[in-house]
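The values are calculated or read from the model by the stated rules, or taken from the named source; none is laboratory data. Not measured: the values here are computed from a predicted model. Positions of Cβ are generated from backbone atoms using ideal geometry, with glycine treated the same way; all protein chains shown enter the neighbour counts. In case anyone asks, the SASA skips ligands and DNA or RNA and just uses the protein heavy atoms, side chains included. Shrake-Rupley method; radii C 1.70, N 1.55, O 1.52, S 1.80 Å.
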Amino acid sequence: MAKQIEKLIVNSPYVEPQQYWTYLTETQEFELREGRREAGYYRTAQKKADTQGELGEFYQIALVNTIRPRVKAWREAGYPNVTRVTRDLLKYWHNTEARRYQPFFCQMEAVETAIWLSEASDADKQGIDIPVDADLQRWCFKLATGTGKTVVMSMLIAWQVLNKLANPKDTRFTKHILIVAPGITVKDRLQVLLPEREDNFYSAFGIVPTDMWQDFLEGKILVTNWHNLAPIREDSGPKVVKKGPESDEAFVKRVLSDFNGAKNILVINDEAHHCHRPDPEEDISKEQKEEATIWVTGLDRINRARGILKVFDLSATPFKPTGKNNRSELLFPWIVSDFGLYDAIEAGLVKTPKIAVRDDAKQNVENFNQIRPKLFHIYPEVKDDLNRKDENAGLPDLVRTALSILSADWLKEFEANTLSVPPVMISICNNTATSLRLYNHLASGGYGVPEELQDMSKVLRIDQDALDKLEADNAGGMSKSQQELVANERERFNSVGKDGKSGADVRAVIGVNMLSEGWDANNVTHILGLRAFSSQLLCEQVVGRGLRRMSYDTDEDGLFTPEYVTVFGVPFTILPVEGSGENPPKPPKPKTKIEPIQERKDKEMRWPQVLRLERKLNYYLTADLEKIDKLTLSAENTPTLVDVAPVIEGHPDFSKISSVSLDSLAEQYRFESELMRAVAQLVERNKDNWDGDNGSKFTQIYTIIEKFIESDKLDIKGPKDDPKFKRIILTLNMQKLVEHIQQFIHQSSSEDP
C-alpha cells in the first residue's frame, strides 16, 4: 500500500486486466490489487455531490459479474459450440501476423459476450436472465469513451452478416442491420460502417477476411438517426387530402425503404443512453423526453411490423436520467459487458483526467482536506451571472480566472506540441449568451488570454443542438446558401484535430450545453465547464469529449504511455484533497527603467496652440467617493494557483500532481489594459443611458475607478507590500470592481469653457 501511485497504467490494452488500483478510505492509501476490478459504478448521495472526500457507494452490475467469468472459461476452452464462420472470424481476429490491427481486449470481450449469449450451449447460460425492454430484447455493451465502440460495431456486423449468408435458415443471425445514432454528427461518423465507403472500417481495421469480402457485400446496412424515426404529422400535406395515423407497415416502408420487406432486423444503438422509455412523472427536459420517446417507439413499430432480432446498445454511460433536480440515474438492467473508465485509464486506452484538487484561495475552514477548490465546480458560484441574457456583458471574475489559468497551461502544451495539429481547449457553456461572452473575451484578448488564442479564425463557436435541430426541421427546405453554410460549419466541427481537413487548425471550441458524443477529436487537452452538472453521468459525458488518445505507441513493457486532459468546472468525481502547505514566495517583478531616447526626438508629440475658447453644454459622469460603499477583495476567494492531479477510482494520484498558475501572466499583461477593457464594456452597455461623447465618458469613468482604487474605500486582504499581488487580485476581480462602482456613478451637465 502507498500514499501515492507510482505508475497509473498497469495493464496491457490487449489482454484481460491483471491488476487494478483501489483507494482505502480508512487509511487514505492506494492499494494495487491482483486480478480484475468488479463491474460496477459509484453513486453519490445528492447532499454530498458537491463536496470532496466522499466517493459514494459502490454498486455492482450483478449480471455482468455473472456473465464475465463464464465467457472467460468459454474463451479458454476454445469457444465450444460456435459455428464454422464464427470460429474462422475469431481465429482471424486473434491472428496478429495476418492483420495489422490487433483488437483491444475490451473490444474482443464485448464481441465474445454477444457471441457467447447467441451461440454457447444452453447449459453454459443457465441462470442468465436478461431483462426485456417491453417486447425488445436489448443487450448493452458498456465501453468507456475512446475505447473503440465503432470497431466493436463493425465486428458485430461482420459476425452477423457472414453467418446469415453461410446459413440463411439460422434465425440467430441476420444480414439486415439498422444503426441508429443520436444526432447528425454521430450519423456522419458512423458512415465508416458502410462497406461501399473507401474509408470503411472493415478494410481499414481488417475486420473481414479477404476471402469473405464478396459475400459480406451482400449484407444490407442502413445508418440513420433518431429524427428519422419520428411519425409523419397527421396535419401535414394538402388540406384537401384527409390523412389518418401512419400505420406501422407504412412507417417501416418509409424508414427502411432499402430493406425491401426484410424481417428479423438487427438494430445497433450508438450512444444508447438516449434511447429509453421516459416515465410521465420524470422531471427531465422536453427535448430529452422527445428524443427518447421517438427513438424507442420507432423501434417498437419496426418490431411489430417486421420483427427485431436483437437490439445491441453501445454506450459509455448507459444510464436513464431520472430528472433535472435528481442527481441519481437508473442503470440499464440489460448491460451484459462492462469496461469502464477506470479500467480504460489503467490500460492506458484513454487520457487521464486531471482536475482541480486544491488552490491557493485560503478559504475559512479548519480541515483543508474537506474543502472544494474554487475551480472544481464553477457554475454554482456564478450561475446568476451566467443566466443573464446580456451577451455584451463581461465574464464573471471567477470564470475569467479559470480561463486565464487554463489558457496559461494550454499555452505550455501549445509551445511543446510536436504534432501537425495544435492542442485544443473546449468550453461547455450553459447558453448561447454565455458562449458569446466567452467568445468576445477571447477576441478582445482578455487577461491571461495568450495571443495564440486570440486568432478568432482558429476559434470555433457552435451550438450542436441547434445545428442538429436546424437540419432535422428543415431537411430539404433550406436554401442552397444555408445548406452550404451549415455543411461547412459541421465539416469544420467534425474535422477538428484532423490533419489536412478544414478543422485542423482549430485551437479552441466553445459549445453550448453539450458537444455531440460523436465528436471524436483526439487533441483535446483542456476542458472548461460553465453549465450545471446535476449528475456524474453528465460529468463523464463532458469529460469524455477529451479522453481520446493522440498516440497508441507502447513502451518496452507493452504499455501505453500516459496522456492527460486538464479539467476545470466539471465536478467529475468526489475527491479528498491533500494538505494545504504554503506556497513558496514569488520573486519580485523585474523593474524596467523608462526614459526618453534622444535618437527619437523627431517623434516628439506637442499639443496644438489654443486660439480661442467656446462655451458648450457638456455632459459628464461623476461619483462621490464618500458615498461609495467599501469593497473588500481577498485572496480567500481568488485562486491564482491551482494544483491538478489525475484521477483513479475517484481519488487523485498526488505523485503526479502539477500546478498551473497566473504568476507568469503578471509579467505579460498590464492591469491598466484590463481596466481599460472593462471600462469600454461598461460604456458600451450604458450608451443609451448616458449622454455625451463615448471618449469623454471612458476617460471620466477610468479616472473615477483610479481614485477609488487609491482610496480607503478599497480593502485588499493579503500581502500589503506586494504590488504584483495587488494587481493580480484587482485584475481577477475586475468585473466585481467595475460593477460595484457603476451603481454610484451619476450623470450631470454644465456649461463649461
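Considering only region 340-365, state which residues are modelled with pLDDT of 90 or more and open to solvent by 50 Å² or more (accessible area, probe 1.4 Å).
Correct list: empty.
Tell me, which helices (runs of 4 or more DSSP H) wholly within region 62-125 include 3 or more residues that are closer than 30 Å to Thr554 by Cβ and in contact with a Ser or Thr (Cβ under 9 Å, 6 or more places away or on another chain)?
Counting at least 3 such residues, we get 62-76, 105-119.
Out of everything in region 255-282 that is of a type in the set (Gly, Ala, Ser) and over 24 Å from the mean Cα position of the chain (by Cα), what residue ends up being surrounded by the most Cβ atoms within 10 Å (Cβ to Cβ)? Talk me through it step by step, then tell me what you get.
Initial filter on region 255-282 (of a type in the set (Gly, Ala, Ser)): 257, 261-262, 272.
Next cut, over 24 Å from the mean Cα position of the chain (by Cα) only: 257, 261-262.
Details: Ser257: 9, Gly261: 10, Ala262: 15.
So the residue we want is Ala262.
Enumerate the pairs (first residue in region 438-458 and of a type in the set (Asp, Glu); second residue anywhere and at pLDDT below 90 and surrounded by 15 or more Cβ atoms within 10 Å (Cβ to Cβ)) with beta-carbon separation below 9 Å, excluding pairs fewer than 6 apart on the same chain, so at least 6 apart or on different chains.
Pairs found: Glu451/Gly445.
Only residues that are assigned to a loop (DSSP other than H, G, I, E, B) and without any contact (Cβ under 8 Å) to a residue 24 or more places away in the chain: list them for region 390-419, please. Break it down stepwise before answering.
First, pick out the residues of region 390-419 that are assigned to a loop (DSSP other than H, G, I, E, B): 390-396, 417-419.
Within region 390-419, Asn417, Thr418 qualify.
If the Cβ limit is 6 Å and pairs must be 6+ apart or interchain, which residue in region 269-280 that is on the phi < 0 side of the Ramachandran plot pairs with which residue that is outside any helix (DSSP H, G or I) and among the polar types (S, T, N, Q)?
Once the first residue is on the phi < 0 side of the Ramachandran plot and sits in region 269-280, its partners that are outside any helix (DSSP H, G or I) and among the polar types (S, T, N, Q) give Ala272/Ser315; His273/Ser315; His273/Thr317; Cys275/Asn269.
Scan region 180-192 and give yes if some residue there is open to solvent by 10 Å² or more (accessible area, probe 1.4 Å), aliphatic (A, V, I, L, M) and on the phi > 0 side of the Ramachandran plot, otherwise no.
No, the conditions are met nowhere in region 180-192.
Please list, ordered by first then second residue, the pairs with beta carbon atoms under 6 Å, 6 or more apart or interchain, first in region 78-91 and over 10 Å from Leu162 (Cβ atoms), second in a loop (DSSP other than H, G, I, E, B) and hydrophobic (A, V, I, L, M, F, W, C).
Here the result reads Asn81/Ala120, each pair linking region 78-91 to a residue that is in a loop (DSSP other than H, G, I, E, B) and hydrophobic (A, V, I, L, M, F, W, C).
Kindly check whether there is at least one residue in region 292-300 that is touching a Gly at 6+ places or on another chain (Cβ under 9 Å), crowded, with 16+ Cβ neighbours inside 10 Å, closer than 20 Å to Ile177 by Cα and touching a residue at least 40 places away in the same chain (Cβ under 8 Å).
no
Can you tell me which residues in region 409-453 are open to solvent by 60 Å² or more (accessible area, probe 1.4 Å) and touching a Ser or Thr at 6+ places or on another chain (Cβ under 8 Å)?
Of everything in region 409-453, just one residue is open to solvent by 60 Å² or more (accessible area, probe 1.4 Å) and touching a Ser or Thr at 6+ places or on another chain (Cβ under 8 Å), namely Glu413.
Return the total of residues in region 166-211 being in contact with a strand residue (DSSP E or B) (Cβ under 9 Å, 6 or more places away or on another chain) and assigned to a helix (DSSP H, G or I).
Here the count works out to 8.
Would you mention how many residues in region 136-165 are in a loop (DSSP other than H, G, I, E, B) and hydrophobic (A, V, I, L, M, F, W, C)? Before the answer, list the steps.
Pass one, region 136-165, residues in a loop (DSSP other than H, G, I, E, B): 137, 144-148.
In the following step, the residues that additionally are hydrophobic (A, V, I, L, M, F, W, C) were identified as 144.
So the count comes out to 1.
For (1) at pLDDT below 80; (2) assigned to a strand (DSSP E or B); (3) out of contact with any strand residue (DSSP E or B) (no Cβ under 7 Å at 6 or more places or on another chain), each residue gets a yes or a no:
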{"residue": "Leu8", "(1), (2), (3)": "no, no, no"}
{"residue": "Ser12", "(1), (2), (3)": "no, no, yes"}
{"residue": "Pro17", "(1), (2), (3)": "no, no, yes"}
{"residue": "Tyr20", "(1), (2), (3)": "no, yes, no"}
{"residue": "Thr27", "(1), (2), (3)": "yes, no, yes"}
{"residue": "Glu31", "(1), (2), (3)": "no, yes, no"}
{"residue": "Arg36", "(1), (2), (3)": "no, no, no"}
{"residue": "Tyr42", "(1), (2), (3)": "yes, yes, no"}
{"residue": "Gln52", "(1), (2), (3)": "yes, no, yes"}
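Return a yes/no flag: does region 118-139 have any residue that is out of contact with any Phe, Trp or Tyr (no Cβ under 6 Å at 6 or more places or on another chain), open to solvent by 20 Å² or more (accessible area, probe 1.4 Å), under 30 Å from Gly511 (Cβ atoms) and at pLDDT 95 or above.
Within region 118-139, not a single residue is out of contact with any Phe, Trp or Tyr (no Cβ under 6 Å at 6 or more places or on another chain), open to solvent by 20 Å² or more (accessible area, probe 1.4 Å), under 30 Å from Gly511 (Cβ atoms) and at pLDDT 95 or above.
With respect to Ile157, is the statement that it is out of contact with any Lys or Arg (no Cβ under 9 Å at 6 or more places or on another chain) and crowded, with 16+ Cβ neighbours inside 10 Å true? Break it down stepwise before answering.
Details: out of contact with any Lys or Arg (no Cβ under 9 Å at 6 or more places or on another chain): yes; crowded, with 16+ Cβ neighbours inside 10 Å: yes.
Spelling it out, Ile157 is indeed out of contact with any Lys or Arg (no Cβ under 9 Å at 6 or more places or on another chain) and crowded, with 16+ Cβ neighbours inside 10 Å.
Considering only residues that are part of a strand (DSSP E or B), open to solvent by less than 10 Å² (accessible area, probe 1.4 Å) and not aliphatic (A, V, I, L, M), which ones fall in region 531-569?
Selection gives Phe560, Thr566, Phe568.
Output the number of the condition that Phe368 fails; it satisfies all remaining conditions of (1) in contact with a Pro (Cβ under 8 Å, 6 or more places away or on another chain); (2) aromatic (Phe, Trp, Tyr); (3) modelled with pLDDT under 85.
(1)
Under the condition of being among the small types (Gly, Ala, Ser) and surrounded by 22 or more Cβ atoms within 10 Å (Cβ to Cβ), which residue from region 380-407 is modelled with the lowest pLDDT? Even if it seems obvious, please write down each step before you answer.
First, pick out the residues of region 380-407 that are among the small types (Gly, Ala, Ser): 393-394, 402, 404, 407.
If we keep only those that are surrounded by 22 or more Cβ atoms within 10 Å (Cβ to Cβ) too, we end up with 394, 402, 404, 407.
Working: Gly394: 86, Ala402: 91, Ser404: 91, Ser407: 92.
Per the criteria, the residue is Gly394.
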